[in-house]
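> Before I ask anything, let me first share the structure, which is written out below as C-alpha cells.
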2 protein chains.
Amino acid sequence: MADTATDARWMGAALALAERGRGRTAPNPAVGCIIIRDDKIVGRGWTQPGGRPHAEAMALAEAGGAARGATAYVTLEPCAHVSSRGPACADGLIAAGIARVVIAHGDLDPRTNGAGIARLEAAGIAVASGVRRDEAARTLAGFLARQRLGRPFVTLKLGLSLDGCIALASGESRWITGPAARAHAHLERARADLIIVGRGTLDADRPRLDVRLPGLEARSPVRAVLGHGGAPDGWIGLDSPAAIAGTDALDVMVEGGAGAAAAFLSADLVDRLLIYRAPILIGGGKPGLADIGLVHLEDAHNRWRRHDARMLGIDRLEVYERVRE
Amino acid sequence: MADTATDARWMGAALALAERGRGRTAPNPAVGCIIIRDDKIVGRGWTQPGGRPHAEAMALAEAGGAARGATAYVTLEPCAHVSSRGPACADGLIAAGIARVVIAHGDLDPRTNGAGIARLEAAGIAVASGVRRDEAARTLAGFLARQRLGRPFVTLKLGLSLDGCIALASGESRWITGPAARAHAHLERARADLIIVGRGTLDADRPRLDVRLPGLEARSPVRAVLGHGGAPDGWIGLDSPAAIAGTDALDVMVEGGAGAAAAFLSADLVDRLLIYRAPILIGGGKPGLADIGLVHLEDAHNRWRRHDARMLGIDRLEVYERVRE
C-alpha cells in the first residue's frame, strides 16, 4: 500500500509517459503506464504509434519477473476486451502477478467501462482509481471527446497582438509572436492528429503546418483544408467543421485564419483556446476572428474558463477551456 | 541610522500616502511624507488638493516637537524654493530639527534639482536618496513627464474581449468586463486629472466618465473630448492629442473609443496601457484600436514592456509601459 502523495507522484510519471504517444495512437488513446516495486521503477510504457502495443504491455515486457507483487500506475482503466491486435491489458496485469493497480481515469468504452477494474479485483488485485483524474482527462481529451461527443477534441490556436490582430491590413504577419511561442505552438502541433487551416489561409500562405522541432520532425500531423474545392496532395479536404467526426483523429488543431476559426466556433466545435499573445499593438489590422454569429453580448459570457497561463519569452500563452456544464 | 530594509519599509508607507493626493494636486506633484522617531510614526502628510500645503509641511505639523531628531521619508526631493504659497520644505525640515531625510526620487525642477538635498546637508542633516526610486517614479509619473517631455503622463485604457473587440458589430458593449474590472478602472480614473474620449464615443454613448466608487465620488477628473466641434458644458475640447500639453493635467486617462486611442498612439503620446481583458470571444466585432499608421510589423515590436498583471474577478488586467530608451 502506498500513501496518497506517493500514488500522485508515480501517476505524474505515468501521465508524462502518456504524452509521449500523443498524436500518433489514434484511434486508440495515448496511455501511460509505470510499474513500481519497492519504490523503484521496474517498467515503463506508453501506447505505441498506431495504437499497439498498449502501455501496460510495454511496461510489463520491460518489468519481466519484477512485475510480480508490484504496483502498476495506468492513466486509463486497463482494457477488458481481447482484440485481434492483442490481449486484454487487465488479463496481462493479472498474469504478470501485479499486486495493485492505480488508475487515473475510467474508460467509457462499453467493452471496458468498469469491466477492467472488476476483472482485476476478481483476481485479487487491489485497485485505486481517480488519482489525478483531471490531468488524465486532459491527456485523454481526444479519446474522451470521441466517446462522449462522437468527434475529436478541438484546439483553436490564435497568435494575436494585444489588440487581437493576426496581421497588418497589408497581410504582413511575420512575425507577431517570437521564437519561444512559435516553438511551443509546434510542440502542440506534434500532439495533434490533424491540423486544419481555412481555404483562404491555404491559398494566401501555403503553410507547411509541420513540426519544426529537433527530433520531432516525424510527428507532423495530417493536414486538412476547410472549405469547398480540392485539397493539395496528401491533404484532407473538409467541407464543414462537422466533417472532423468522420476522420480518425483524436486531437485536432485549428490554426486559422479568422474564417476557419469562426466556422469552428460558430458550430461550437472548439474545446480549447491556445492564445499566444505578443506585447505589440497593430491597430486597424486583420482581426483574428470573423463573425461567429453572436447576437447578444451576454451570450458570450461563461463559455470559457482560463486553465493555464505562462510567459513564453516576451509573449504570453493563455489556455482557455470550453465550459460544458 | 536605519538599515536598508527599514528605510524601504517606511518609504513604502510614504509612497502609499502620496497616492492619496493623486489626481488633485496638479500642477504640483502628489508627494508623501512620513516622519519616524524611535521606530514610531510621529507625522504623516501628503500633498493637499490644489497642491498646497506640501506633504512635508503636513507631516511636520502633525509631528510638532516630536520631529526633533527624527527621520523624514519623502517620495520627492524637498523643494528648496520659497513660493508665495508657502515656505521651502527643505527649510521646514531644518527648522523642525529633523536629523535624517530619506528621499525616493530627485526633483528635476531647476529651482530644486539637488538644491533641496544640498541645503539639508549644509544644515548637518544626513540624506539618503534613491530609496524605492522606481516606484516613486510611477507615483510621480505625470510630474516627471511634465518636466521631461513638457506634457502629462498618458494612460490608455482598453476593455477588450480575447479577440480585441470593444463591442459587437451592432455597437452593444455592456458589458465586456465584470464589476471588479470596472471598479478598478474607476479607481484609475480617480488618479487622473483629465479623462478623454473621442467625439464618436461622446456622441454615441454620452459617457459620464465619473468615479462611481463609495467615498471617491468627488474625485472625478475633468472631462475632455478629442476632435473638432463643441464640448459639452464643463468639458474641455481638445483639437488634437498634443493639446494635452496646454492643460494643467499631470495624469491623463484616454478611455477610447478606437479612434481616440489610435490618435494618441499615432502621436506616440501613450505612456501606459491598461488592458482589462474579459474571457469572452466576440468575433467580427468592433476592434478596440483603429489604424495607428503601422507600416511594418517589426516596428510594432519592442515598444511595450509588461509591468504588471493581475486577475480582477474572471477578467485579467495587464499593464504595459512604453519603452523609451
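> Which value, in square angstrom to the nearest 100, describes the accessible area buried between chains A and B on both sides, using a 1.4 angstrom probe?
Summing both chains' loss of accessible area gives about 3100 Å².
> Can you give me the Kirkwood hydrodynamic radius for segment A:152-322, using every pair of distinct Cα atoms, in Å to one decimal?
16.4 Å
> While we're here: Rounded to the nearest 500, what is the 222 nm mean residue ellipticity of chain A from helices alone, with -39500 (n - 2.57) per DSSP H run of 4+ residues and division by all residues?
Calculated from helices alone, the mean residue ellipticity at 222 nm is -7500 deg cm²/dmol.
> Run the accessible area of segment B:36-187 with a 1.4 Å probe and give the carbon-and-sulfur part as a rounded percent.
Reported share for carbon and sulfur atoms: 53 percent.
> Under a point-charge model restricted to the Cβ atoms of Lys and Arg (+1) and Asp and Glu (-1), what is the dipole moment magnitude of chain B relative to its Cα centre, in debye to the nearest 20?
520 debye
> Going by the alpha-carbon gyration tensor, a ≥ b ≥ c the square roots of its eigenvalues, is segment A:191-241 rounded (a/c under 1.5) or, if a/c is not under 1.5, prolate (a/b greater than b/c) versus oblate?
Here segment A:191-241 falls in the prolate category.
> Ordered shortest first, which distances in nm separate the 7 Å Cα→C-beta label point of B:Leu213 from those of the other copies?
4.3
> Could you size up the charge dipole of the protein assembly as shown around its Cα centre, putting +1 on the beta carbon of Lys and Arg and -1 on that of Asp and Glu, and report it in debye to the nearest 20?
It works out to roughly 520 debye.
> Mind jotting down the three principal axis lengths of chain A based on Cα atoms? Whole angstrom, largest first.
67, 42, 39
> Oh, and also: May I have the convex hull volume per residue, in Å³, for the Cα set of the protein assembly as shown?
About 193 Å³ per residue, rounded to a whole number.
> Here's something else I'd like to know. Give me, ordered by chain and number, the residues 5 or more places off A:Trp304 or on other chains with an amide H under 5 Å from its own placed amide H.
For A:Trp304, whose amide H was placed from the backbone, the distant partners under 5 Å are A:Val323.
> Considering the rotational relationship between chains A and B, which residue of chain A contributes the beta-carbon of minimal distance to the axis, and what is that distance to the nearest Å?
Axis-proximal residue of A, distance in whole Å: A:Gly164, 1.
> Let me ask something else about it. Between copies, how far apart are the A:Asp248 label points? List them in nm, one decimal, shortest first, with each point 7 Å from Cα toward Cβ, please?
Copy-to-copy label distances at A:Asp248, shortest first: 7.6 nm.
> From the label point of A:Val82, set 7 Å from Cα along Cα→Cβ, how far away are the matching label points in the other copies, in nm, ordered shortest to longest?
In nanometres, ordered from closest: 10.7.
> On to the next question. Which value in nm describes the separation of the simple spin-label points at B:Trp175 and A:Ala8, placed 7 Å from the Cα toward the beta carbon?
If labels sit at B:Trp175 and A:Ala8, their model points lie 3.5 nm apart.
> Ok, one more. Positive end of the charge dipole of the protein assembly as shown (Lys, Arg +1 and Asp, Glu -1 on Cβ, about the Cα centre): tell me which of B:Val197, B:Ala61, A:Leu317 has its Cα farthest that way.
B:Ala61
> Kindly list the residues of segment A:1-44 that lie in the label zone of A:Ala99, defined by a backbone N under 20 Å from the point 7 Å along the Cα-to-C-beta vector.
Flagged as within label range: A:1-11, A:34-44.
> Please report, in cubic angstrom per residue, the volume enclosed by the convex hull of the alpha-carbon atoms of segment B:109-244.
It comes to 179 Å³ per residue, whole-number rounded.
> Continuing with this model, one more query. For segment A:13-154, what is the Kirkwood estimate of the hydrodynamic radius, computed as the reciprocal of the mean inverse distance between distinct Cα atoms, to one decimal in Å?
Over segment A:13-154, the inverse of the mean reciprocal pair distance is 14.5 Å.
> Here is a follow-up. Taking only Cα atoms and a 10 Å spring cutoff, compute GNM fluctuations for chain B and point out the largest among B:Ile282, B:Ile36, B:Ile98.
It is B:Ile282.
> Calculate, for chain B, the solvent-accessible area per residue in square angstrom, rolling a 1.4 angstrom probe over the heavy atoms of the protein chains.
Ligands and nucleic acids excluded, the figure is 41 Å² per residue.
The values are calculated or read from the model by the stated rules, or taken from the named source; none is laboratory data. The structure presented is a predicted model; accordingly, all values stated were derived computationally and were not measured. We place every Cβ from the backbone using ideal geometry, glycine too, and count neighbours over all the protein chains shown. The accessibility values were calculated without ligands, DNA or RNA, using every heavy atom of the protein model including side chains. Shrake-Rupley method; radii C 1.70, N 1.55, O 1.52, S 1.80 Å.
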